[in-house]
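The values are calculated or read from the model by the stated rules, or taken from the named source; none is laboratory data. These numbers come from a predicted model, not from an experiment. Cβ placement follows ideal geometry from the backbone for every residue including glycine, while neighbour counts extend to all protein chains displayed.
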Amino acid sequence: MHRALIASPTAQRNLVLFLLLAVAMACWALILGQGGGGPGVDMAMASPTMGLPATAFLTMWVTMMVAMMFPTAAPMILTFHRIESAKRARGEAFVSTWLFAAGYTLIWAAAGVAAYYGAVTAEAVATCTGLSAAMAARIGGALVIAAGLYQLTPLKNVCLSKCRSPIGFILTSWRGGSLGALRMGLLHGGSCFGCCWLLMVVLFPLGIMNLAAMALITLIIFAEKSLAWKRVTAYGTAAALVIYGLVVVAAPRALPTFAAPGPATAMPGMAKPEIVEPPVPAAMPMGMSGGAPRRGAVVLSGAFVVAIDGPAASGKGTLARRLAKRFGLAHLDTGALYRATALLVLDSGGDAADPAAAEAAARRVGAQLLADPRLRDEAVTRASSVVAAIPAVRRALLEFQRGFAARPPAAARGAVLDGRDIGSVVCPQADIKLFVTAATEVRARRRLDELRARGTPAIYEEVLQELRERDTRDAGREVAPMTAAPGAVVIDTTALDADMALARASDIVARALAGSR
Ligand code: CDP
């Protein structure tokens, strides 16, 4: 019964179709589950590379391409399968359909490599030229217009004709054997790429993991390949893209990645910014002390900067990440820079206390390293505060941090930086300065829970001891010691959970933003 089912051409065809769609659905599910940004630099979808290292970006890209392209490539893959299974039925040599699919996927993987390096270059150019959020969004709008106009070009038409006619493709491009199948997959992938590459490029300004944009583009591709009136679909898509692109050029806020706070500009998948204007309390709430936030003191190329300092495990990292997400700001965990420096020194067998080795390592720190899970290793943690006490290391990392604050990646209108000296040294002109702290024992307990949650065996007394040593080194060093900067609002989280700390900090940020508008 089972054999009969598999031997039947219809059953086989259905099985291949089912598998293709199942793989595509699994990829959609994976993307849905991914939702957030990468560790270290949390720029959410507004950042073209999402702050991911090349391999992680490529994995995400291929997942996206399989999710979007497999359903539309199904007719071609099934046609290939029909021919090969007929050969199999006749007892002739045949080739696995998956080789054809692999060739097809390889083309999109290669496109992903180009997309990654294109995105890295775009980010670098934006940073060097100090591109404003509005201008970045307008360039995004221009790309959308270009994608619209491309729909009407002869090249698009030629590629689409090949994609629309699986039989025609088989007749003109058939190659036998395994290599031939791979080559045909590559060829067909090339035609699809010729059809859709600009629609994929448009995903960058729309938000690289923006599910609504991905779904819409998938529908467009499906329609142009399958609907009877090819030209009508082409003209319809072109008109819609050109009109939307023009709207973005005129009003950059119409772009989802234009990360200015306000419900209308919230990015899909991102918590809606809460820009409320609560009455200014007569006294600072419990758990806070220090001066009121400076309102509207826009510095550093007009970017809105929130500086968060504090000792280890005080909750400043979580707070910084959540604040950035809530208000559509870019986030830089500056501790990751010192950790990355320490990791490079340890990896090369060097001594973290050696100024020359540590400075050389600091100069080699790149975005890729910031996502390395080894940054949280205990040895790296300990060494990070050793390299951080070396003045040349701090100098080497200073420009990157200031550049990030002055020109946050992609379209973000501001940035949240967390560390030890952000309010005092890196961004003394920050719009808001927070100093997040908590009792040492409470911090040690939190770090212990964190370590255990990651599966690292840890003993409370040792964690407490390590925190104390690090606090002493961080606060006692000569250059840029950890300190609450003048005017910083102190948030003591000893008795506050993450939500309560976020509510307090959000209140301060919302008031400052309201004042700066
Ligand atoms: O996550 P945790 O608070 O334990 O540490 P981190 O923020 O990742 O920082 C690791 C180490 O980098 C700290 O112990 C500091 O010595 C150093 N650091 C610094 O000196 N200045 C900064 N702005 C950030 C971190």
- Task: Could you grab me the full set of residues in segment 416-429 that are away from the ligand (no atom under 11 Å from the Cβ) and either in a helix (DSSP H, G or I) or modelled with pLDDT of 95 or more (or both)?
- Result: Val416
- Cβ-Cβ below 9 Å, separation at least six or inter-chain, first residue in segment 173-200 and not assigned by TED's automatic domain parsing to the domain that holds Glu224, second part of a helix (DSSP H, G or I) and modelled with pLDDT under 95: which pairs? none
- Task: Specify which of the listed residues (Ala358, Ala353, Ala412) is in a loop (DSSP other than H, G, I, E, B) and either more than 18 Å from Asp333 (Cβ to Cβ) or modelled with pLDDT of 90 or more (or both).
- Result: Ala353
- Item | Residue that is farthest from Ala501 (Cα to Cα) [pool: residues in segment 316-332 that are buried (at least 24 other Cβ atoms within 10 Å of the Cβ) and within 14 Å of the ligand (Cβ to nearest atom)] | Leu332
- Message: Quick check on segment 469-497: of everything there that is outside any loop (DSSP other than H, G, I, E, B) and among the β-branched types (Val, Ile, Thr), which residue is surrounded by the most Cβ atoms within 10 Å (Cβ to Cβ)?
- Response: Ile491
- Task: Would you point out the residue of segment 212-224, among those that are buried (at least 18 other Cβ atoms within 10 Å of the Cβ) and either within 16 Å of the chain's Cα centre (by Cα) or not acidic (Asp, Glu) (or both), that is nearest to Thr257 (Cα to Cα)?
- Result: Ala213
- Query: What are the pairs, 6+ residues apart or on separate chains, where a residue within segment 18-31 that is part of a helix (DSSP H, G or I) has its Cβ under 8 Å from a residue that is among the hydroxyl-bearing types (Ser, Thr, Tyr)?
  - Reply: Cys27/Thr63; Leu30/Thr63; Ile31/Thr63
- Only one of (1) away from the ligand (no atom under 14 Å from the Cβ); (2) acidic (Asp, Glu); (3) free of Cβ contacts under 8 Å to residues at least 60 places away in the same chain is not met by Asp507, so which one is it? (3)
- Query: Hey, among the residues in segment 399-409 that are in a helix (DSSP H, G or I) and more than 10 Å from the ligand (Cβ to nearest atom), which one's surrounded by the most Cβ atoms within 10 Å (Cβ to Cβ)?
  - Reply: Ala405
- Note on segment 430-443: residues in a loop (DSSP other than H, G, I, E, B) and more than 26 Å from the chain's Cα centre (by Cα) are Ala438, Ala439
- Note on the structure: Quick count over segment 333-352, residues being farther than 16 Å from Pro373 by Cα and within 12 Å of the ligand (Cβ to nearest atom), is 1
- Flag if Arg445 is in the same structural domain as Ala303 (by TED's automatic domain parsing), charged (D, E, K, R) and free of Cβ contacts under 8 Å to residues at least 24 places away in the same chain: yes
- Cβ-Cβ under 8 Å pairs, at least 6 apart or on other chains, segment 360-383 side assigned by TED's automatic domain parsing to the domain that holds Ala312 and under 24 Å from Pro311 (Cα atoms), far side aliphatic (A, V, I, L, M) and assigned to a loop (DSSP other than H, G, I, E, B): Ala371/Leu52; Ala383/Ala352
